[in-house]
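Okay, so here's the structure we're looking at.
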Amino acid sequence: MKNIGSSLGIGGLILGMFFFAFSHALAGWETGVKAGFESNINRSVSDEKSDSYFSAYLSFAKEAGGKSRIDWNLYASLEGTLFSSLSDLNYGMVQLAPGVTFFPYPGWTIDLFPFVQAKAVRDSDQSAVAFGGKLGVKQQIRKNLYAGQYYIYKDSRAHADTYSFTENLLGLFLGVNWTPAFFTEFGYEFSRGDSYRTLGTTSAAFSGRGRYRRVSSIFGSDVIREDVDRHSFGIQLGIDWTPSVFSHLSYTYTTIQGDLGSSVSQAGFIGMGFRF
């Protein structure tokens, strides 16, 4: 995992090749910025640290056209994020996800795709390469009402094992298109897997707990990796100001339960984007 920077550069080159190959044939470019916050960014069970961030991205998407029962899709993105206080968490990330879309019935879609991510963090211990897959189903219930379900498996290999994890995630969402330009979407996710968690201060009291324990100078505490159950509830609002310009507003409430105890996190962002 010492070559995360090289992986990120190679990933960016691969994305550039995909962008060049499809830019003249398909629409699907998007760029945007967002400002957000998280109330428990250190995943603490006793001493939460909050922070805000600013993020910018460039993405390309080729969606299935629906002219046949089976079609292929592609999503690729470059992203950079800066944090206000904990600057050692600043990161750059590249992602590639080719896949297949099935249209079994009118109004139904099934998406299946693998993905790979490379993330370079200023705190190199948290830099990681991840891979996995997603299976998603979406139903158009009415003209302005839709629902969906999805399963995601993710295996992230970080430079330090404390920040590595595997995760199985199930999600549900329900959306309403109030007008052709405005929507609201409600979502719920349950995941089970590994997560790093912090104890608030360094202490010998937990010296026998946590196979992947380490001291973090960034969080000022012990960090321990353990198995957790996570529940997330979210709402998202979106509006298209023009065919090209749009904005999103999102809020998520998350609870995490593990051997070290329970913790809560609130996160949200407001973003603007441009399609071209």
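The values are calculated or read from the model by the stated rules, or taken from the named source; none is laboratory data. Only a predicted model underlies this, so the values are computations on that prediction, with no experimental measurement involved. Quick reminder, even Gly has a Cβ in these numbers, built from the backbone with ideal geometry, and neighbours come from all protein chains shown.
Find the residue count for region 39-54, including only residues that are touching a Ser or Thr at 6+ places or on another chain (Cβ under 6 Å) and either closer than 18 Å to G92 by Cα or without any contact (Cβ under 8 Å) to a residue 60 or more places away in the chain (or both).
So the answer is 4.
Under the condition of being farther than 16 Å from Q140 by Cβ and not aliphatic (A, V, I, L, M), which residue from region 173-183 is surrounded by the fewest Cβ atoms within 10 Å (Cβ to Cβ)? Before you say what the answer is, go through the steps one by one.
Filtering region 173-183 for residues farther than 16 Å from Q140 by Cβ gives 179, 181-182.
Filter once more, so that each one left must be not aliphatic (A, V, I, L, M): 179, 182.
Working: T179: 9, F182: 12.
Here the answer is T179.
If the requirement is being more than 21 Å from the chain's Cα centre (by Cα), under 26 Å from E30 (Cα atoms) and either surrounded by 15 or more Cβ atoms within 10 Å (Cβ to Cβ) or at pLDDT below 95 (or both), which of these qualifies: F276, F269?
F276
Please name all residue pairs, on different chains or six or more residues apart, with Cβ atoms under 6 Å, provided the first residue is in region 55-82 and is under 10 Å from F103 (Cα atoms) and the second residue is outside any loop (DSSP other than H, G, I, E, B) and hydrophobic (A, V, I, L, M, F, W, C).
I70/F102
So, of the residues in region 91-150 that are under 17 Å from the mean Cα position of the chain (by Cα) and not in a strand (DSSP E or B), which turns out to be farthest from G65 (Cα to Cα)?
Top of the filtered list is Q126.
Do the conditions hold for S85, that is, is it touching a strand residue (DSSP E or B) at 6+ places or on another chain (Cβ under 9 Å), modelled with pLDDT of 95 or more and farther than 29 Å from S217 by Cβ?
The answer is no for S85.
Quick one: how many residues across region 220-235 are farther than 24 Å from S191 by Cα and either buried (at least 17 other Cβ atoms within 10 Å of the Cβ) or at pLDDT 95 or above (or both)?
Of the residues in that region, 1 qualify.
Looking only at region 27-84, count how many residues are within 26 Å of P114 (Cα to Cα), part of a loop (DSSP other than H, G, I, E, B) and in contact with a Leu (Cβ under 9 Å, 6 or more places away or on another chain).
Within region 27-84, residues that are within 26 Å of P114 (Cα to Cα), part of a loop (DSSP other than H, G, I, E, B) and in contact with a Leu (Cβ under 9 Å, 6 or more places away or on another chain) number 2.
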